[in-house]
Each structure stands twice: as structure tokens, then as C-alpha cells.
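Since the structure comes first, as C-alpha cells, the remarks are kept for the end.
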Amino acid sequence: MPTIAIGGTKLHYHDVGSGPPTICLVHGSGGTGAVWMRQMEGLADVARVVAPDLPGHGESSGDGLDGIEHGATVVRALLDALDVRTVVIGGHSMGGGVAQAFALAYPDRVAGLILVGTGARLRVLPEVFERLERDYEAGVRYLTRMAVADAAPSELVDSLAAQAARTAPSVHARDFRACNAFDVLARIGAIRVPTLAIVGSEDRLTPPKYARFFEEHIAGTRLVVVDGAGHYVQVEQPDATTGAIREFLATLPRST
Ligand code: COA
């Protein structure tokens, strides 16, 4: 997998398929680009898909994010380095915050926006911070259980929790602090690009109400509620998620 130097950070990223369009998919708190594995497999024939490990996550160096906007500047630097001018930017949870911040900061670079299990405000339950501080592994497991539908198989919870527990506790805590401070509820209407919002009907962390807010405030948003999925909709129901993205891409101008 390729690595690129951005400032003092060695940024690792997945890069599959060929564009245009180029889609950049950003992972959530405590995650890595691998959370998009099934979407990379399912989209590579119609797009170039770039999925970074944000600083301090996965194989990338660094101490984590200073805030959601920091994530947007990292993504911009990665796309600059790859010579990608126009992108379909997407993200899950915290990564969806990064995608919104990117769309607000660099509107001329965005051909489309994909918001997966996320919101324009991402307040975090105080209990999440407390549990992660008290007993990191148990806290991660609790959080992961909350982040999937009740019907999700225990092997899925195990693999997601094991992956998240590999993230340094300090990086994970910074992610949640970044989410907690994120609030673009009042600015979201300024986004004027084609937008797809995907949410699991059982999402407890960023409930369908948050996705409906996008539908109501970003003109022309396509909303897809995936029945029976939780917060990790793209992992719990990968085909439904990938299918929705493929349909969305087909609506974008060919030059994208
Ligand atoms: N989109 C639309 N509406 C939103 C929103 C979003 N992204 N975020 C909050 N709101 C709404 C809430 O539904 C609430 O509406 P209401 O007054 O009609 O009930 C209002 O804005 C205020 O909510 P909130 O900002 O969340 O503050 P709170 O003090 O009521 O609740 C929490 C704080 C942490 C309990 C709550 O945000 C929560 O349960 N969050 C989800 C769990 C979590 O930790 N998620 C992790 C996200 S990374």
C-alpha cells in the first residue's frame, strides 16, 4: 500500500481503480481506511477510490487530529499530492464530518458528497469518554457493540473491536473530542453539490434523524436508509451501501 509524506506525517492510503471520478472515503473515530474494503472492491470498476488512514491511525504516523478541519486539510494535501483536482468526497461518522468540512472549505474541488452514518453535529455521550478512559479495551468493545445493530454477528463485533483497539487510546480520545466540537448545523445549507446520505435504520450513534437533516438542508440530497443496519452500515450491509454509491455516481456529470 502506498505511503506519502505530508508535512511531518507519513500518510498511508489505499488507492484502487481508475478515475474519473475519484472518490476519497474517510474513516471514522479509531478507524482506518480498511473500513471501506468492500466499497473499494465494489467500486473499483467505475471509479478510482482513495481511502487514507488519517494521521495516527492504521499505518499512518502522527498523533491524531487537532479537529475535524485538520482532517480536511490532510485530505486536501493528499489529493494535491496525487494531482486530483476534483473529487467525490465521502466519509463515515467522524470521516463524514471531515467530508462536510472539506466541502465547506473547498467547494470548487467537490463534485459530490457521500455522507455515511454521520451528522452535521456530532456530540458524543460523556459515557463514551469515561469508559474509554477507565478500561480501554472494554470501552472499545462497549462502543463497538453500540455501533452495530443488535442482529450483527458477534464475529463482526469482535473484528471491528479488535481493529479499533489497535488505535492508540490518546488518538481515539482526540477523535471523539474532535467530533464533540464539530457543529456545522447552521452552515450545512451552504453546501451545493450533489449529495448522498446513507444511514442504517438502527444507527444509535448518528441516528436517521441526522441524515434527514442533510436531506432537508442540502438541496437535492438523496437519502438511503438501510434497513436493519447500525452505525457501521458500510460494513454491516456492504452491498446495499456500495449499490447506493454506484447509483449516485451514475447521476453525476460524466466529466466528474
Ligand atoms: N443532525 C440533526 N439534529 C441534531 C444533530 C444532527 N447531527 N445533532 C443533534 N441534533 C439535535 C438533537 O436531536 C436535539 O434535538 P431535540 O432537541 O429536538 O431533541 C438537539 O439537536 C440537541 O442535541 P445534542 O446536540 O445532541 O445535545 P444533547 O445535549 O441533547 O445530547 C448527546 C448530547 C451526546 C446525549 C447526544 O448528542 C447523543 O445521544 N449523541 C449520540 C451518541 C454518540 O455519542 N454518538 C457519537 C457520534 S461520533
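The values are calculated or read from the model by the stated rules, or taken from the named source; none is laboratory data. This structure is a prediction, so every number in the text was calculated from the model and none was measured. When we count neighbours, we look across all protein chains shown, and the Cβ atoms used for this are built from the backbone with ideal geometry, even at glycine.
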Residues being over 19 Å from the mean Cα position of the chain (by Cα) and closer than 26 Å to PRO208 by Cα - total across region 80-95: 0
Residues that are outside any helix (DSSP H, G or I) and farther than 15 Å from ILE89 by Cα, drawn from region 223-252: LEU223, VAL224, VAL225, VAL226, ASP227, GLY228, ALA229, GLY230, HIS231, TYR232, GLN237
Selection from region 192-222 of residues that are in contact with a strand residue (DSSP E or B) (Cβ under 9 Å, 6 or more places away or on another chain), within 13 Å of HIS92 (Cβ to Cβ) and among the hydrophobic types (A, V, I, L, M, F, W, C): LEU196, ALA197, ILE198, VAL199, ALA211
The lone exception for ASP45 - which of (1) surrounded by fewer than 20 Cβ atoms within 10 Å (Cβ to Cβ); (2) under 12 Å from GLY19 (Cα atoms); (3) in contact with a strand residue (DSSP E or B) (Cβ under 8 Å, 6 or more places away or on another chain) it fails: (3)
Subset tally (residues that are within 24 Å of VAL110 (Cβ to Cβ) and surrounded by 15 or more Cβ atoms within 10 Å (Cβ to Cβ)) for region 184-207: 11
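Output the residues belonging to region 113-139 that are free of Cβ contacts under 8 Å to residues at least 24 places away in the same chain and outside any loop (DSSP other than H, G, I, E, B).
First, pick out the residues of region 113-139 that are free of Cβ contacts under 8 Å to residues at least 24 places away in the same chain: 125-127, 130-131, 134-135, 138-139.
Within region 113-139, PRO126, GLU127, GLU130, ARG131, ARG134, ALA138, GLY139 meet the criteria.
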Hits in region 91-112 - residues which are in contact with a strand residue (DSSP E or B) (Cβ under 7 Å, 6 or more places away or on another chain) and either part of a loop (DSSP other than H, G, I, E, B) or more than 16 Å from the ligand (Cβ to nearest atom) (or both): PHE102, ARG109, VAL110, ALA111, GLY112
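In the list GLY228, GLY220, which residue meets the criterion of being at pLDDT below 95 and more than 15 Å from the ligand (Cβ to nearest atom)? Walk me through how you get there before you give the answer.
On the way: GLY228 fails: at pLDDT below 95.
Just one listed residue meets the conditions, GLY220.
With respect to ALA178, is the statement that it is part of a loop (DSSP other than H, G, I, E, B) and within 16 Å of the ligand (Cβ to nearest atom) true? Full working, then the answer.
Numbers: part of a loop (DSSP other than H, G, I, E, B): no; within 16 Å of the ligand (Cβ to nearest atom): yes.
For ALA178, the condition - part of a loop (DSSP other than H, G, I, E, B) and within 16 Å of the ligand (Cβ to nearest atom) - is not met.
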